[in-house]
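The values are calculated or read from the model by the stated rules, or taken from the named source; none is laboratory data. These numbers were taken from a predicted model, which means no experiment stands behind them. All Cβ positions, even for glycine, are placed from backbone atoms using ideal geometry, and neighbour counts span all protein chains on display. When the accessible area is computed, the model is the full protein with side chains, heavy atoms only, and any ligands, DNA or RNA have been set aside. Shrake-Rupley method; radii C 1.70, N 1.55, O 1.52, S 1.80 Å.
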Amino acid sequence: SDALHYLLTKIGLALTETGGDLYLSGLDEAQLQTKAGEDLAKLQKKLGKNVFVKILCHKNQSNGLVFQNVQKKVIADTIPLVPCFVYRNRVAVVILKNPVHVAILYNEELAESHIQLFNHLWNTVK
């Protein structure tokens, strides 16, 4: 029941202690906001302007998340609607059904491959 709270807390700690960027994809921002609004607000405040956030979102899901240092690009249906958070050497996959499931994988190569794929998609979107 605390899976999203745990994930957002871990992201905040990891990025404020050592810096880095946060990459988000596959989000229905409104659904995430509904499930974790208070924890998202805390994360947004904690990250401030020190962490760069990039979000790839669907055209109908591009509202709800507001970070201070954010860029968003809309991809029609290229990315499955399964939230993925990539930060430092971690890849977190979230299933937003009841109950919410979060898997955090700590692997440098996996995180780097997700970032490369993210950046490829980012660069192909106008």
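The number of residues in region 2-50 being of a type in the set (Asp, Glu) and in contact with an Asp or Glu (Cβ under 6 Å, 6 or more places away or on another chain) comes to 0.
The set of residues from region 1-28 being in contact (Cβ under 8 Å) with a residue 40 or more places away in the chain, open to solvent by 30 Å² or more (accessible area, probe 1.4 Å) and either closer than 13 Å to residue 50 by Cα or assigned to a helix (DSSP H, G or I) (or both) comprises 6, 10, 18, 20, 21.
Every residue, every condition in (1) in contact with a Ser or Thr (Cβ under 8 Å, 6 or more places away or on another chain); (2) hydroxyl-bearing (Ser, Thr, Tyr); (3) under 15 Å from residue 54 (Cα atoms), yes or no:
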{"site": "80", "(1), (2), (3)": "no, no, no"}
{"site": "85", "(1), (2), (3)": "no, no, yes"}
{"site": "97", "(1), (2), (3)": "no, no, no"}
{"site": "103", "(1), (2), (3)": "no, no, no"}
{"site": "109", "(1), (2), (3)": "no, no, no"}
{"site": "114", "(1), (2), (3)": "no, no, yes"}
{"site": "124", "(1), (2), (3)": "no, yes, yes"}
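Filtering region 82-126 to residues that are open to solvent by 90 Å² or more (accessible area, probe 1.4 Å) and either in a loop (DSSP other than H, G, I, E, B) or farther than 16 Å from residue 15 by Cα (or both) leaves 88, 97, 98, 101, 109, 116, 117, 120, 123, 126.
Of all residue pairs spaced 6 or more apart or on separate chains, those with beta-carbon atoms under 6 Å, a first member in region 32-54 that is more than 11 Å from residue 4 (Cα to Cα) and at pLDDT 80 or above and a second member that is open to solvent by 10 Å² or more (accessible area, probe 1.4 Å) and assigned to a helix (DSSP H, G or I) are 46/16.
Reported count of residues in region 29-42, each being open to solvent by less than 10 Å² (accessible area, probe 1.4 Å) and of a type in the set (Lys, Arg), is 0. Scanning region 8-36 for residues that are closer than 19 Å to residue 72 by Cα and of a type outside the set (A, V, I, L, M) gives 20, 21, 23, 25, 26, 28, 29, 31, 33.
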